[in-house]
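Structure, as structure tokens:
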Amino acid sequence: MLDLSGPVLEEAPRLLGAVLRHGDVAVRITEVEAYDGANDPGSHSYRGRTKRNAVMFGPAGHLYCYFTYGMHVCCNVVCGPVGTPSAVLIRAGEVVDGLDLARSRRAGASDRDLARGPARLCRALDVQLSDNGTDLRSGPLTLTLGDRVDDVSTGPRVGLRGAPDRPWRFWITGERSVSAYRPAAPLKRDRRADLGS
DNA sequence: GTTGCGATGCGCT
DNA sequence: GCGCATCGCAACA
């Protein structure tokens, strides 16, 4: 029985090694980030409830999907008790079933890159904005927790501005399928300003 | 292996 | 209007 209603910082590492399945394609999760809505300037829910983030305020074990950068979908698993708008961003994983279908959705990518990155993972699994709010207990999307992963690394989250550094990114140590982005690069505009000053 | 940059559209102010 | 919880590709080392 999927129960993720504990504190998000305790639930996040439990998602490592879990399997997220959508139809014929399944991904073993290797990298996640925790977002603690109430106290977290990096969270979509930090400024209160909106139509978009309403799912985060609901029960744990549901999927929160959002659209970003004009072309990408990312997905989170809602954690914590009802009313606590916390979620865990699924950043990366390895495809463990439905390899051919995943490859066809990610033409040109190497197997290692199929689900390496939050938007890529959603594409490999064909998770769309319309899957927002899905209950992960009953499908068509399902989440199955695995055995606890012992070797977990932590570090700062990726790509956030306006949030203090908090080591709320978790990944399976040594996994090559974790995303390789540099943390929080400054804005292009800022870089230009630096050059000019 | 790294770095730079354009694409693109929804949600919020 | 503006700002993104980004990606993919080209160019370079």
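The values are calculated or read from the model by the stated rules, or taken from the named source; none is laboratory data. Everything quoted here is computed from the prediction, not taken from an experiment. All Cβ positions, glycine included, derive from the backbone under ideal geometry; neighbour counts span all protein chains shown. Accessible surface is based on the protein model in full, side chains and every heavy atom, while ligands, DNA and RNA are left aside. Shrake-Rupley method; radii C 1.70, N 1.55, O 1.52, S 1.80 Å.
Among A:82-93, A:100-111, what's the highest-first ranking by average C-beta atoms within 10 angstrom per residue?
Going from most to least packed, we get A:82-93, A:100-111.
Suppose every Lys and Arg Cβ carries +1 and every Asp and Glu Cβ carries -1, with no other charges. What dipole size does chain A come out with about its Cα centre, to the nearest 20 debye?
For this selection, approximately 920 debye.
Once the Cα gyration tensor of region A:8-196 is diagonalised, what are the square roots of 5 times its eigenvalues, in whole Å and ordered largest first, as equivalent ellipsoid semi-axes?
Here the semi-axes work out to 24, 21, 17 Å.
Using a 10 angstrom cutoff on alpha carbons, build the Gaussian network for chain A and name the most mobile of A:153, A:177, A:43.
Ranking A:153, A:177, A:43 by mean-square fluctuation puts A:153 first.
Could you derive backbone 3J(HN,Hα) for region A:56-64 from the dihedral phi with the Karplus parameters 6.51, -1.76 and 1.60 (θ = phi - 60°), listing whole Hz in sequence and x where the residue is Gly or Pro?
Karplus-based 3J(HN,Hα) across region A:56-64 equals 5, 7, x, x, 5, x, 9, 9, 10 Hz.
How would region A:115-162 be classified by its alpha-carbon gyration tensor: rounded, prolate or oblate, with rounded meaning a/c under 1.5 and the a/b versus b/c comparison settling the rest?
Oblate, because a/c is 1.5 or more while a/b does not exceed b/c.
Scale the Cα Rg of region A:1-99 by the rule-of-thumb value 2.2 N^0.38 Å and send over the ratio, two decimals.
Expressed relative to 2.2 N^0.38 Å, the Cα Rg reads 1.05.
May I ask you to give the percent of accessible area on region A:8-196 that is carbon plus sulfur, with a probe radius of 1.4 Å?
Here it works out to 49 percent.
Using only Cα atoms, locate the centre of region A:22-66 and the centre of region A:70-122, then give the distance between them in Å, rounded to an integer.
First find each Cα centre; the distance between them is then 13 Å.
Given A:122, A:136, A:16, which one lies farthest toward the positive end of the charge dipole of region A:8-196, if we put +1 on the Cβ of every Lys and Arg and -1 on the Cβ of every Asp and Glu?
So the residue furthest toward the plus end is A:122.
List the chymotrypsin sites (Phe, Trp or Tyr not before Pro) in region A:16-98 that DSSP assigns to loop (not H, G, I, E or B) and whose Cβ has at most 14 other Cβ atoms within 10 Å. Which are they?
Here the sparse-neighbourhood loop sites are A:69.
Pairs of alpha-carbon atoms within less than 8 angstrom and 6+ residues apart define the contacts here; what relative contact order does chain A have, in percent?
Reported relative contact order: 27 percent.
Counting heavy atoms of the protein chains only and a 1.4 Å probe, report the per residue accessible area for region A:8-196 as a whole number of Å². Walk me through the numbers on the way to the answer.
Details: 9540 Å² over 189 residues.
Value returned for region A:8-196: 50 Å² of accessible area per residue.
What distance in nm lies between label points placed 7 Å from Cα along the C-beta direction at residue A:10 and residue A:101?
Once both label points are built, they end up 3.6 nm from each other.
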